[in-house]
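Data first, discussion second: the structure below is written as C-alpha cells.
The values are calculated or read from the model by the stated rules, or taken from the named source; none is laboratory data. Remember, it's a predicted structure, so these values are computed and weren't measured experimentally. Positions of Cβ are generated from backbone atoms using ideal geometry, with glycine treated the same way; all protein chains shown enter the neighbour counts. For the accessible areas, the whole protein counts, side chains as well, though only heavy atoms, and no ligand, DNA or RNA atoms are used. Shrake-Rupley method; radii C 1.70, N 1.55, O 1.52, S 1.80 Å.
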Amino acid sequence: MSNKSWEVGFHLRSPRNWLNDPNGLCQFRGRYYFFYQYDHDWPTVDQKAWGLFSSPDLVHWSYLGVPLEPSIAEDRHGVFSGSAIVEPGAGRLGEDLLRIYYTGNVVDPAPGHSPKDFDYVYAGREQNTITCLAERVDGSHTGQLRMGHKQVLLRNSDYPADLSCHVRDPKVWEQDGKRRMLLGARHKDTRGLCLLYDSEDGIAWTYRHAIESEYPFGFVWECPNIVRLDGREYLAISPQGLPRLSDRWFNRWTPGYFELPAGQRVIDTEVIDERSFVQWDYGHDFYAPQTFVDDAGRTILVGWMGTFDDHYTSVPDGLDWWHCMTVPRVVTRRTDGRLLQSPAPELDALRGEAQALEGTATVNGRGADIVLPTVEGTGTLTLDDSFQVFFEGGRLGIRYLDEAAAAGRQDRSIPLNVLDNLRVLVDGSAVEVFANDGAEVFASRWFCPEKESLAIANTFAQSGSIWSMEDVMGKEYAYAREMGLAPDLAMPGWNETIPH
Ligand code: FRU
C-alpha cells in the first residue's frame, strides 16, 4: 500500500510514471528550466521522452508536460539525455532562443532479422546526435516552451570507427568563441571514454579527439559534464561498471569527476589519470548528475535521485511515480580542489520557524532541514527510529534501523577523520546528507513510516537547528494530474514506423 509520507514536497518528480536523468538544465530568459528523462509506459516499455519543469526561483516549479518525444526515425525509440544552451538574439524579435541537444535512440532489428540477432552494443542500435530550438510561448506565465523541428547532426557512421554503438548524452557549452561538445561513449574493447567536438555555429561539428583514462575505468561513460571553477577545470562523468570497493563506488553506476592539473583545459585533454576520480555522492540513489552555470555565475548540480542498480529499484506498492531529482546543489571549489555541494540557498525560503535541536525534536509534516553548524566528536542523528546518519569509529554513514524502510538498501559509510558540520534535508522518502560543507554527500531514499510529523534525535554533543520545510510541490503534482498534464497515453510501440 502506498504511504502518504513517501511523497516529496520540495524535490522534483514526475507527476506520474518514471523519471531518470536531469536534462537540459539551464536558465533561459530569467527562468530556470529542468527537463528530465521521462517514460510514459513505465514499467512496461522503456521509451524515453523529456518532461519539463520551470521556475523563476529554483523553488516554486511549474510542471510543463512532455515537450520532447520520439517523433522522427532517428529518435523513434527514445529521446535520450542531453543539454541546452541559450542562443542569444536568435528569435524573430531578437529574443533569446534555447537550443537543445540530445541523443536519438534507435533499437531496430533490420528487416528479416529478429531482435535476438543483435546485442544492441555492437550491432542493432543507433545513437544519433540531434538538435532543436525552443522558444518561449508569448504571455505564458509558467514560461511554457514551443519546440522547433528536429535536425540530425551526427549518426553512428560519423563517430570514430573504434566505438561500439553506445555514443550519447551531448553536453554543449561555449569556450574561446566556439561551441564545444562532449559525448559519452563505449569503446569496442569495452571501456568508457568521451568524445570532444567543436563547432562555429552549433550545427556543423568537427571531431577533435577522444578523452580516455590511462587504464580502463568502467565499460561506458555516460552524461559527461564540464565544471570550471576558480581557474580550474573538471571533467565529470557517469561511468558504469566500476568495481565495488569497501569505501567507495558502492553502486555499479558511480558518477564523479576528475580535476585536471593546473592550467589544463578539458578541450586540450586526451588522457586522464583515473586515480584522480572523486565520487560526487555516496548515497544509494544518485546517478547521471548534470551541471550548468546560471545567470548569477553559480555552478549548479542536479542529480537523478535513483539508479539502475537492480537490488533496490523495486518500487513500493501503490506508488505510481518513481524516482526524483536531488535539490539543486551549488558547487564550489575548496582550495585543495575538492568540489563542495550545498543546497541552493533559495531553499531556505521553505523553512518554517527554527527550533533548537539538542536531544530530540519533532516537526510537523514530513519535510525538515536539520543543521548542526559545528560538530566535535561522534554521534548520530536518527529520524523516526528508522533512519540514521552516524559519525562513529572514524566513519561517516547512513543506516536503516528498519528493514522495510530500506527496501533492499544496505547501510553504507566512508572513512572520515573529522566531521565539522552536518546538514540533512528530509523530504518524505528523499534524504540528502551534506557533511563538511558538502565535501561528503549521501542521497538515499527512505521508505519512512506513515506519520504526520517527523521525530529527530541528536546524540552529538553539539546542538543545532531544525526547520520544518514547506511542501511546495504537492499542489503542483496534484494539479498536473487533474489537468491531464501528466500524460499517460500509450506511446507508439517499439516496432511501429513513425513517419519523418
Ligand atoms: C543515464 C542514461 C543515459 C541515457 C539515458 C536514457 O542514466 O543511461 O546515458 O541517455 O539514461 O534514459
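Before rounding to the nearest 500, sum -39500 (n - 2.57) across all DSSP H runs of length at least 4 in the chain and divide by the residue total; then give [θ] at 222 nm in deg cm²/dmol.
On the way: 2 runs with 13 residues, N = 500.
Counting only the DSSP helices, I get -500 deg cm²/dmol.
Decide, for region 345-388, between rounded, prolate and oblate: order the square roots of the alpha carbon gyration tensor eigenvalues as a ≥ b ≥ c, take rounded if a/c falls under 1.5, and otherwise choose prolate if a/b is larger than b/c, else oblate. Could the numbers behind the result be given before it?
Numbers: a/c = 1.92, a/b = 1.31, b/c = 1.47.
The shape class here is oblate.
Here the contact order of the chain, divided by its residue count and restricted to Cα pairs under 8 Å and six or more residues apart, works out to 17 percent.
Eigenvalues of the Cα gyration tensor times 5, then square-rooted: what semi-axes does that give for region 299-449, in whole angstrom, largest first? Present the calculation step by step, with values, prior to reporting the outcome.
Working: eigenvalues 104, 70, 63 Å².
In descending order the semi-axes read 23, 19, 18 Å.
Working note: Cα atoms of the chain, range along each principal axis, descending, whole Å: 65, 51, 51.
Grab the other residues whose beta carbon is less than 13 angstrom from that of residue 119, score K and R as +1, D and E as -1, and report the net. Result for the local shell: +3.
For residue 437, what charge total do you get from the other residues with a beta carbon under 11 Å from its beta carbon, if Lys and Arg give +1 and Asp and Glu give -1? Please report the intermediate quantities before stating the final value.
Values: positive: 334, 338, 423; negative: 420, 440.
With Lys, Arg at +1 and Asp, Glu at -1, the neighbours total +1.
Taking the accessible area of the chain, probe 1.4 Å, and keeping the other protein chains in place, the carbon and sulfur fraction comes to 49%. Within the chain, what percent of beta bridges assigned by DSSP are antiparallel, to the nearest 5? If I count the DSSP bridges inside the chain, around 95 percent turn out antiparallel. In this structure, the residue pairs whose Cα-Cα separation is over 27 Å, taken from 150/178; 48/178; 171/475; 150/475; 451/475; 48/451, are 48/178; 171/475; 150/475; 48/451. FRET efficiency for the residue 120 to residue 482 pair, using the beta carbon distance and R₀ = 30 Å, is estimated at 0.15.
Taking 1.567 mPa s as the viscosity and 4 °C as the temperature, the Stokes-Einstein diffusion coefficient of region 369-493 based on its alpha-carbon Kirkwood radius rounds to 80 µm²/s.
Taking the alpha carbon gyration tensor of region 1-155, what are the square roots of 5 times its eigenvalues, largest first, to the nearest whole Å? Present the calculation step by step, with values, prior to reporting the outcome.
On the way: eigenvalues 172, 105, 22 Å².
Value: 29, 23, 11 Å, ordered largest first.
Computed over region 120-249, the range of Cα coordinates on each principal axis works out to 53, 39, 30 Å, biggest value leading. Think of each Lys and Arg Cβ as +1 and each Asp and Glu Cβ as -1; about the Cα centre, that makes the dipole of the chain roughly 540 debye. Placing pseudo-labels 7 Å out from each Cα toward the beta carbon at residue 110 and residue 190 gives an inter-label distance of 2.4 nm. Taking 7 Å along the Cα-to-C-beta vector as the label spot, tell me the residue 296-residue 271 distance in nanometres, rounded to one decimal. Result: 4.2 nm between the two label points. Among the trypsin sites (Lys or Arg not before Pro) within region 383-438, not one is in coil by DSSP while having at most 13 neighbouring Cβ atoms inside 10 Å. Placing dummy labels 7 Å off each Cα toward the beta-carbon, the span from residue 146 to residue 410 is 5.4 nm.
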